[in-house]
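The values are calculated or read from the model by the stated rules, or taken from the named source; none is laboratory data. These figures come from a predicted structure and were not determined experimentally. For neighbour counting, all protein chains shown are included, and Cβ atoms are generated from backbone atoms with ideal geometry for every residue, glycine included. In case anyone asks, the SASA skips ligands and DNA or RNA and just uses the protein heavy atoms, side chains included. Shrake-Rupley method; radii C 1.70, N 1.55, O 1.52, S 1.80 Å.
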Amino acid sequence: MWNTYLNGRVNIPGPIPWPIVGNLPMLLRTKNPNKLFLELRMKPLWLRSFVKLFKGQTSLVFSNGQEWVAGRKFTAAALKDFGVGTKSIEERIHEETRYLIDFFSKSQNSSIDASKLFPKVASNVVSNIIFGERFDHEDPEFIRLLENVQFIIEQNSPFRPDNFFPILEVFRTTNQLQAAVERFNETKECIRRRIDKQRLTFDPCVIRNFLDLYLAQEGKQDSKISESYLFNTIVDMYFAGTDTTSGALQWCMLYMLKFPDVQLKCRAEILEAIGDSRLPKLSDREDLSYVNATLHEIQRIATTAPMAVPHTTLEDIYIEGKLIPKKSILLCDLMSVHLDPIVWNEPDIFRPERFLDDKGHFLRSENFCPFSLGPRQCVGKHLGEAELFLIFTSLLQRFDLIKANPDQTLSTEGKQTFVTLEPQPYEMKFVIRN
């Protein structure tokens, strides 16, 4: 209020905020905040958010300065060592893909809720990197972990009123935010138990997974990365690796159901380039231009993580003469890029061909940024890309994807959770290809 009404230091144009409540009334009047942000993309909103869940936490996402630089470098190197971008991670993804293929082959006449299945798939890939093993899909501990992840992300939408005004918690008969905090702590305790168990077999000369890297750093006096930072980074990786990839896979399935002609074109290209005698490999991407274009178009039009990773200004900065005060939290609205009619012709229309040149070759665009931009773009970018490509192509190679209910109208209006934009629940069938 002081900056806006008295001091006059903040001069960014935008909707005039109300005293105390700021622009919150505007957000509460809309069912789709992301569309509101698109309408106001030339008029930034001033929001003050209180995030109870991550209060006081430092990690890859919630840190700045030298610790973030050191932590980012450490995490990126660790992911590379454990196979991100190499055949090693390809095999980890193939392991989960084979389970999917076997499961769908045995239940091809059953209706499947994509929102229940794909979190297990995405979680197991990242679990393999962090813990060195996958979970059985029916493992009670695994099911509980995923229930906690889902509850936390659903209860911590950035647009919840009590994220802006914590006093509102007092008037709630059931404090869902506090329940989310308790589940978050329960998840952290589960990870701590796994660390303690792995400590018993830890050998600094044989690094098996990310937990071993954590143990190797533990107690180092000269380490630039704190123990709490590393631990919270493990938590970040587990949540982000489960939530965002799962959401992206759900969008992929949804658009294949809505656009069966695109599904047929993708499958035809896969079968021509690869056949059906082996699983697709990452090296096949160069031969699958239309598949690549389709995956890019789905990520563009759906934009799974529209608000991206938060940024913080470490000092007062000016952009085009407008002051961004020190310690401001900035959110990059990726939808304002992906749905910008200035850079995309008819951005609301699903058209994979926009990522192809005149000869049908895959065409990259500098305006495509589903993993954010700059040095703080998602550190798991290459892992996420590999998962989407390998799982998507493997499923289309073997199955026809059809709606469980032919008369159902599938909505592309997403629902915003803590970080991701997820599709509305839907069911589908995986029918073995003739």
*Conditions: (1) in contact (Cβ under 8 Å) with a residue 40 or more places away in the chain; (2) open to solvent by less than 20 Å² (accessible area, probe 1.4 Å); (3) aliphatic (A, V, I, L, M). Residue 207 meets all but one. Number of the miss?*
(2)
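When you look at residue 299, is it under 28 Å from residue 415 (Cβ atoms) and within 21 Å of the chain's Cα centre (by Cα), yes or no? Steps first, please.
Values: under 28 Å from residue 415 (Cβ atoms): yes; within 21 Å of the chain's Cα centre (by Cα): yes.
So residue 299 passes the test.
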_Test for residue 98: is it within 22 Å of residue 233 (Cβ to Cβ) and open to solvent by 10 Å² or more (accessible area, probe 1.4 Å)_ = no
*Out of all the residues in region 382-400, is one or more modelled with pLDDT under 95, in contact with a His (Cβ under 8 Å, 6 or more places away or on another chain) and not in a loop (DSSP other than H, G, I, E, B)?*
no
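A quick yes/no check of all residues on (1) open to solvent by 40 Å² or more (accessible area, probe 1.4 Å); (2) closer than 17 Å to residue 244 by Cβ; (3) in a helix (DSSP H, G or I); (4) touching a Phe, Trp or Tyr at 6+ places or on another chain (Cβ under 8 Å):
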{"position": "123", "(1), (2), (3), (4)": "no, yes, yes, yes"}
{"position": "127", "(1), (2), (3), (4)": "no, yes, yes, yes"}
{"position": "130", "(1), (2), (3), (4)": "no, yes, yes, yes"}
{"position": "133", "(1), (2), (3), (4)": "yes, no, no, no"}
{"position": "136", "(1), (2), (3), (4)": "yes, no, no, yes"}
{"position": "142", "(1), (2), (3), (4)": "no, no, yes, yes"}
{"position": "147", "(1), (2), (3), (4)": "yes, no, yes, no"}
{"position": "150", "(1), (2), (3), (4)": "yes, yes, yes, no"}
{"position": "153", "(1), (2), (3), (4)": "no, yes, yes, yes"}
_Condition broken by residue 247, with the remaining ones in (1) at pLDDT 80 or above; (2) open to solvent by less than 30 Å² (accessible area, probe 1.4 Å); (3) part of a loop (DSSP other than H, G, I, E, B) satisfied_ = (3)
*Scan region 305-327 and report the pairs whose first residue is within 16 Å of residue 369 (Cβ to Cβ) and whose second residue is assigned to a loop (DSSP other than H, G, I, E, B) and open to solvent by less than 20 Å² (accessible area, probe 1.4 Å), with Cβ atoms within less than 6 Å and a gap of 6+ or a chain change.*
305/420; 306/334; 308/334; 308/372; 309/372
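Can you spot a residue in region 387-400 that is charged (D, E, K, R), more than 30 Å from residue 69 (Cβ to Cβ) and either free of Cβ contacts under 8 Å to residues at least 24 places away in the same chain or touching a strand residue (DSSP E or B) at 6+ places or on another chain (Cβ under 6 Å) (or both)? Before the answer, list the steps.
In the first step, residues of region 387-400 are kept if they are charged (D, E, K, R); the result is 387, 398, 400.
Now narrow it down to the ones that are more than 30 Å from residue 69 (Cβ to Cβ): 398, 400.
Checking the rest, the ones that are also either free of Cβ contacts under 8 Å to residues at least 24 places away in the same chain or touching a strand residue (DSSP E or B) at 6+ places or on another chain (Cβ under 6 Å) (or both) come to 400.
Yes, some residue in region 387-400 is charged (D, E, K, R), more than 30 Å from residue 69 (Cβ to Cβ) and either free of Cβ contacts under 8 Å to residues at least 24 places away in the same chain or touching a strand residue (DSSP E or B) at 6+ places or on another chain (Cβ under 6 Å) (or both).
Tell me, please, whether a residue that is touching a strand residue (DSSP E or B) at 6+ places or on another chain (Cβ under 8 Å) and in contact (Cβ under 8 Å) with a residue 12 or more places away in the chain can be found in region 76-90. Spell out the reasoning first.
Narrowing region 76-90 to residues touching a strand residue (DSSP E or B) at 6+ places or on another chain (Cβ under 8 Å): none.
Taking every residue of region 76-90 in turn, none turns out to be touching a strand residue (DSSP E or B) at 6+ places or on another chain (Cβ under 8 Å) and in contact (Cβ under 8 Å) with a residue 12 or more places away in the chain.
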*Failed condition for residue 190, given (1) open to solvent by 30 Å² or more (accessible area, probe 1.4 Å); (2) modelled with pLDDT of 85 or more, with all others met?*
(1)
